[in-house]
1. Using Cα pairs under 8 angstrom and six or more residues apart, how large is the relative contact order of region 60-289, in percent?
2. If r is the Cβ-Cβ distance from His162 to Leu6 and R0 is 56 Å, what FRET efficiency results, to the nearest 0.05?
3. What relative contact order, as a whole-number percentage, does the chain give when Cα pairs under 8 Å and 6 or more residues apart are counted?
4. Provide the gained length on full extension for the span Leu14 to Thr255, in nm with one decimal, where the gain is 0.36 nm per separating residue minus the Cα-Cα distance.
5. How would region 1-118 be classified by its alpha-carbon gyration tensor: rounded, prolate or oblate, with rounded meaning a/c under 1.5 and the a/b versus b/c comparison settling the rest?
6. What is the calculated FRET efficiency for Ser79 to Glu103, with r their C-beta to C-beta distance and R₀ = 25 Å, to the nearest 0.05?
7. Sorting Arg151, Arg189 on the 10 Å Cβ count, fewest up front, what's the list?
8. Taking R0 as 56 Å, what's the FRET efficiency between Arg311 and Asp169 from their Cβ-Cβ distance, rounded to 0.05?
Amino acid sequence: MVDRSLDSWLAPALDAAGRRGERRMLTPTRLTRGGTVERGGRTLVDLSSNDYLGLATHPALTERAGEWARTHGAGVGASRLVTGTHDLHLRVEHKLAAFKGTEAALLFASGWQANAAVMPALARAMPGLRVHADRLNHGSLHQGCAAAGLRQVRFRHNDLDHLDALLADGEDGPRLVVTESVFSMDGDRVDLPRLAMIVRRHGAFLYLDEAHATGVLGPRGAGLSGTVSGGVDLAMGTFSKAMGGFGAYVAGSRTLCDYLVNACGGFIYSTALPPAVLGAIDAALDLVPTLERERAQLADLGDALRARLTRAGHDPGASTTQIVPVMLGGADEAVAAQHRLEAAGFMAAAIRPPTVPRGGSRLRLALRATLDPATIDPLVQAIGAR
Ligand code: PMP
């Protein structure tokens, strides 16, 4: 008898991933206050989370989340255009626009959802749109282009000369340059002033993903988008990393946000963010602009870690931020390094294909402002000498 179960189609794909050493498993892990995680019955120094400022467990966020849930309910019961727009959404969006220095801002359920849904909405209003995308852009940005049926013209990672040359192709029609402020797996950043100049010179538009910059870089931690005169055409970011909570945003002109309210499926057909999530976002927006000292500590930790890794013969790639990779090459080598670190009391994720290209496996060390600088020596020792 023919096996018609869904599993019979899926199991061979899973087995193939296993044979390549790329099968992933879920491991229960609990973030605790003080920059540690509990995992497998052990408490480990956390170098995996994107909780760069330690806000995920901060009482200002957890209290306002609890208070808003108790006062306003666990959910809002509808999407934004039906009955899901509470005063709280509008207040938080107003505060967010002030934080980003833009005319308007719009909340989304997640960064993935925003990127995947905004691009098709833009494409519908811009017939013939061509997207010029950094080769290492996040999967959600690729997803957005694929959903819109857009063919991406990829430029080499952070190679603005290459982008400049690609934009000079003499073709008509609108073009959108899509890139990130800080790249999630490499921890390097875009040269935004130069990028903005190139984009403007070619009459293109700029879509900037600030997922790993929001809370960490720029004046008051608002990301890089406000550091170039005139800002960028569209800045998106998430509240799930340095901002300590959950959800995402798009910031830009009033017309951009009004258009997305009318045309972006991922916004229109998804239930509005619940009060607890809004409470955490609201508290983070109050707190983050005040955390200059923490941002300076984070930058110092990054510098110290890169210097120490280099001295030990390791390659931290092009990192200049709180994300510091240790380039190891093979997936097995990266997993072995993760195990060595775990044995020494550190949690740092091995990043392997398909998240990074084959041969590009690495440890990804994500720093937190509260990490004791004295931890860096034992950490690098545990990775081992090259
Ligand atoms: N953009 C980038 C660059 C990211 O790294 C991520 C998260 N990994 C996202 C978007 C998605 O954000 P979220 O986790 O809020 O879905």
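Any read-out appearing in this document is the output of simple, stated calculations on the displayed coordinates, not a laboratory observation. Values in this document were obtained by computation on a predicted structure and should not be read as measured data. Cβ placement follows ideal geometry from the backbone for every residue including glycine, while neighbour counts extend to all protein chains displayed.
1. 33
2. Rounded to the nearest 0.05, the efficiency is 0.85.
3. Normalised by residue count, the contact order of the chain is 22 percent.
4. 82.3 nm
5. Oblate, because a/c is 1.5 or more while a/b does not exceed b/c.
6. 0.60
7. Arg151, Arg189
8. E(calc), rounded to 0.05, equals 0.80.
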